[in-house]
Amino acid sequence: MFSISLEQNQYKTYILGDRQTKISVVPERGGIITRWQVQGQDIFYLDEERFTHPELSVRGGNPILFPICGNLPDNIYTYQGQEYTLKQHGFARDLPWEVEEVQADNLTYLTLHLHSSEQTKAVYPFEFHLAFSYILSDDSLEIRQTFTNHSSQPMPFSVGFHPYLIVGDKNQLELTIPSAEYQDQKTKEYQPFSGNFDWERDEIDVAFKKLEGKSATVTDHSRRLKLTLEADDIFSTFVFWTLKGKDFYCIEPWSAPRNAINTGEKLSILESGGSLTASCKLIANFF
């Protein structure tokens, strides 16, 4: 059984794990996992200097995307004839979450909660409760999610994660993603996918929207690390993103593509009083 400890750095940080395998969680910065170590090696990338500035979005760790994934045209969506403004990826990654420490049935994990507030209802007019549990094993990190709608009307939403993975040499990456094509998120054009990218591009930002399975792997031969993403059926889209010259790549499970709250594409609708559960898992194997 892993243990839970608390460190007071710039932010209160919960450490779940042991010497070789651990995660660091910062509830007040969007409930984010900032660090994940397996066999004493870091899996997540984190821009630590940027993280010290609360006015900036976090670049690293595993930010939570809710109630939208990606951005909206002019940051605007319309609900029941009224316009609302939501910035890219929504607000969950910016708000403080509440922590519940749990140890039961020989399992040690952290559960975080986020509730609707007057602040959230100004941009997203729904009463909601989110509960995310971070469950660690020797080689995997699972996030179990529960979404509850306390509103009197159906609640539309999408959810996702934006894990930043450390990379050694991108030219030594081997990608296995269950789709024959992707959509370029800038040009909106569809391209065939043969298992790799042109790593000399300034930015790679693509969405795999026609998935034939819900498991993807990225093998980093320079680190001798195979990273596997496993996602529930709610996650309809895998996004791959990286920037030239940066030592990270992101493979992101999204429940719906960009602008789904306007288009309805793959959008989740939770009935009044209803709850929905989901899970996704990252598995790190060194070889």
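The values are calculated or read from the model by the stated rules, or taken from the named source; none is laboratory data. Here the structure is a predicted model, which means the values were calculated and not measured. Note that we place each Cβ from the backbone using ideal geometry, even for glycine, and neighbour counts take in every protein chain shown. Keep in mind that these areas ignore ligands, DNA and RNA; they rest on the heavy atoms of the full protein, side chains included. Shrake-Rupley method; radii C 1.70, N 1.55, O 1.52, S 1.80 Å.
For the residue pair residue 41 and residue 265, what label-to-label distance in nm results when each label sits 7 Å from Cα along the Cα-to-beta-carbon direction?
The two pseudo-label positions are separated by 3.7 nm.
Mind ranking 126-133, 5-12, 234-241 by how tightly packed they are, going by the mean number of other C-beta atoms within 10 angstrom, highest first?
On the way: 126-133: 18.8, 5-12: 11.2, 234-241: 22.8.
Put in order of decreasing packing, that is 234-241, 126-133, 5-12.
Pick out which of 146, 13, 187 has the largest mean-square fluctuation in a Gaussian network model of the chain, springs linking Cα atoms closer than 10 Å.
Sorting by GNM fluctuation, first place goes to 187.
Tell me which residues come under 5 Å, amide H to amide H, from residue 239 once H is placed; ignore anything under 5 positions away on its chain.
Amide H neighbours of residue 239, under 5 Å, 5+ apart: 208, 252, 254.
Give me, ordered by chain and number, the residues 5 or more places off residue 159 or on other chains with an amide H under 5 Å from its own placed amide H.
255, 256
Give the accessible surface of segment 1-160 per residue, rounded to a whole number of Å², with probe radius 1.4 Å and ligands, DNA and RNA excluded.
44 Å²
What are the ³J(HN,Hα) values, in whole Hz, obtained from phi via the Karplus relation 6.51 cos²θ - 1.76 cosθ + 1.60 with θ = phi - 60°, for each residue of segment 257-274 in sequence order, with x given for Gly and Pro?
Once θ is set to phi - 60°, the couplings for segment 257-274 become x, 4, 6, 5, 5, 8, 8, x, 5, 6, 5, 7, 10, 9, 5, 4, x, x Hz.
In the Gaussian network model of the chain, springs joining C-alpha atoms below 10 Å, which of 275, 158, 140 carries the largest mean-square fluctuation?
Checking each option, the largest mean-square fluctuation is seen for 275.
What percentage of the solvent-accessible surface of the chain, computed with a 1.4 Å probe over protein heavy atoms, is contributed by carbon and sulfur atoms?
Values: 5390 of 12650 Å².
Of the solvent-accessible surface of the chain, carbon and sulfur hold 43 percent.
For residue 118 and residue 169 in the same chain, what is the full-extension length gain: residue separation times 0.36 nm, less their Cα-Cα distance, in nm? Could the numbers behind the result be given before it?
Numbers: separation 51, 0.36 × 51 = 18.36 nm, distance 4.55 nm.
This chain segment gains 13.8 nm when fully extended.
Output ³J(HN,Hα) for segment 183-200: one whole-Hz value per residue in order, computed from phi by the Karplus curve 6.51 cos²θ - 1.76 cosθ + 1.60 with θ = phi - 60°, and x for Gly and Pro.
3J(HN,Hα) across segment 183-200, in whole Hz: 9, 5, 6, 8, 8, 6, 7, 8, 10, x, 10, 10, x, 7, 10, 7, 6, 7.
Based on the alpha carbons, how large is the Rg to Rh ratio for segment 40-182 when Rh follows Kirkwood?
1.00
In whole Hz, with x marking every Gly and Pro, tabulate ³J(HN,Hα) for segment 233-240 from phi via Karplus 6.51 cos²θ - 1.76 cosθ + 1.60, θ = phi - 60°.
These are the phi-based 3J(HN,Hα) values: 5, 4, 7, 8, 9, 10, 10, 10 Hz.
Using alpha-carbon positions, what is the distance between the centroids of segment 135-155 and segment 77-112, in Å?
9 Å
Label-point separation (nm) for residue 19 and residue 212, each offset 7 Å from Cα along Cα-to-Cβ?
4.6 nm
Please work out how much accessible surface residue 221 shows to a 1.4 Å probe, ignoring ligands, DNA and RNA, in Å² rounded to 10.
80 Å²
What FRET efficiency comes out for the pair residue 11/residue 150, r = Cβ-Cβ distance, R0 = 30 Å, nearest 0.05?
Result of the calculation: an efficiency of 0.60.
Mind jotting down the distance between the C-alpha centroids of segment 229-269 and segment 196-228, whole Å?
Each part reduced to its Cα centre gives a spacing of 13 Å.
Using a Förster distance of 22 Å, how high is the FRET efficiency between residue 98 and residue 4, based on the Cβ-Cβ distance and rounded to 0.05?
It comes to 0.90.
How large are Rg and Dmax for the chain when only the alpha carbon atoms are used, in Å?
According to the Cα coordinates of the chain, Rg and Dmax are 18.4, 55 Å.
Taking segment 147-226, which GluC sites (Glu not before Pro) meet the DSSP loop condition and have no more than 14 other C-beta atoms within 10 Å? Present the calculation step by step, with values, prior to reporting the outcome.
On the way: sites: 174, 181, 189, 200, 203, 212; in loops: 189, 200, 212.
Counting only loop positions with at most 14 other Cβ atoms within 10 Å, the GluC sites (Glu not before Pro) in segment 147-226 are 189, 200, 212.
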